[in-house]
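Scroll down for the structure; my scribbles are underneath it.
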Amino acid sequence: MVRSTRLAALLLPAVLVLAGCGGSSDESGTTPAGAAATEEASWPVTVTGDNGTLTLDAQPEQIVSLSATATEMLFAIGAGTQVEAVDSTSNYPTDAPVTDLSAFTPNAEAIAKYEPDLVVLSDDMNGVVDALGTLDVPTLQLGAAATLEDSYAQLETLGKATGHADDAHTVVTDMQDRIEAAVASVGDGARGMSVYHELDPTYYSAGSSTFIGSVYELFGLENIADSAADAAGGYPQLSAEYVVGHGPDLIVLADTVCCAQTTATLAERPAFDTVPAVQEGRVLEAGDDVASRWGPRIADLAESVAETLQG
């Protein structure tokens, strides 16, 4: 059931859980002591999301996040203390106020019970955006990012909306610097090499048109999912024969938590011992969430990819 629920989320047109903060945060995902506190902002402020413009008359103090990535972003930029509740998929940072609110079947009345002065979500499931509007609940929709620039823009938007614009800019700069350094550390060494990104053991993958695919492109990697007959919105289901036949030089397992996949279990699959990535030790056991969400921890993934490519 866990696997099927997660896979369904990955295959939604606008991804909810695709696949925290990196070097600028502590392990809880909050801004460390000594970092910039909430900046003085001039209110009201107006921000723009997928559902249009939103004007906030004052700094929100009771935020409800129905997006696991948005939750990570809010805590990364120092707005964690303003977060009143998050949905059941928001498992990072560990001190996020988890509830049974669903990101998949959200209920406006249940959300309104938390008396939010801002709701952040990634998809308009069940028509919840209009329903929250009817209840006069300020709502900001930030859908799944397609590129790193989209991710940076969402962080800046949340920074402005919560009164943490400077903190958000710092997080973005840190991400950019770390990703740039990771790519530079590999240089041209990965040019022409191929990658297979595994979402689950039934060989669902992610192509270059997806957010995670854009990260691999930075390294010059060729994605074997791009030539699949049915791209399925960027998430085709491949086969064992297809993967072995394409002989990827790098394999990223984004199903280590949901499905207990490891370098060892991969090598035990028929014929996978012939795949260059397995033979040459370029298999990355990535945390499912880190390899699926478009928040600050994508810099962690980029650094892990670089390390794996360099052996």
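Here, each number is a calculation from the coordinates, and none is a lab measurement. Every value quoted in this text rests on a predicted model; they were computed, and no experiment measured them. So basically every Cβ, Gly included, is an ideal-geometry build from the backbone, and we count neighbours across all protein chains shown.
Of the peptides 96-108, 130-142, 112-124, the order by per-residue mean of other Cβ atoms within 10 Å, starting with the highest, comes out as 112-124, 130-142, 96-108.
The ellipsoid that matches the Cα gyration tensor of the stretch 110-150 has semi-axes, each √(5λ) in whole angstrom, of 22, 11, 8, with the longest given first.
Rounding to the nearest 20 debye, state how big the charge dipole of the stretch 132-273 is about its Cα centre with +1 on each Lys and Arg Cβ and -1 on each Asp and Glu Cβ.
On the way: 4 positive and 21 negative charges, 21 e Å.
With Lys and Arg at +1 and Asp and Glu at -1, about 100 debye.
Based on the Cβ-Cβ distance from Asn107 to Asp230, what FRET efficiency comes out when R0 is 25 Å, to the nearest 0.05? Each step should come with its number before you reach the end.
Details: r = 34 Å, r/R0 = 1.38.
FRET efficiency, Asn107 to Asp230: 0.15.
Extension gain for the segment Ala181 to Ala267, taken as residue separation times 0.36 nm less the Cα-Cα distance, is 27.9 nm to one decimal. Available extension along the chain between Gln310 and Glu149 is 55.4 nm, counting 0.36 nm per residue and deducting the alpha carbon span.
If I take all pairs of Cα atoms in the chain, what percentage of them are more than 30 Å from each other? Every Cα pair in the chain considered, those over 30 Å come to 33 percent.
About the centre of its Cα atoms, the stretch 30-163 shows a dipole size close to 140 debye [charges on the beta carbon of Lys, Arg (+1) and Asp, Glu (-1) only; nearest 20 debye]. Here the Debye sum runs over all C-alpha atoms of the stretch 187-309 as equal scatterers in vacuum, and log10 of I(q)/I(0) at q = 0.12, 0.15 Å⁻¹ comes out as -0.37, -0.59.
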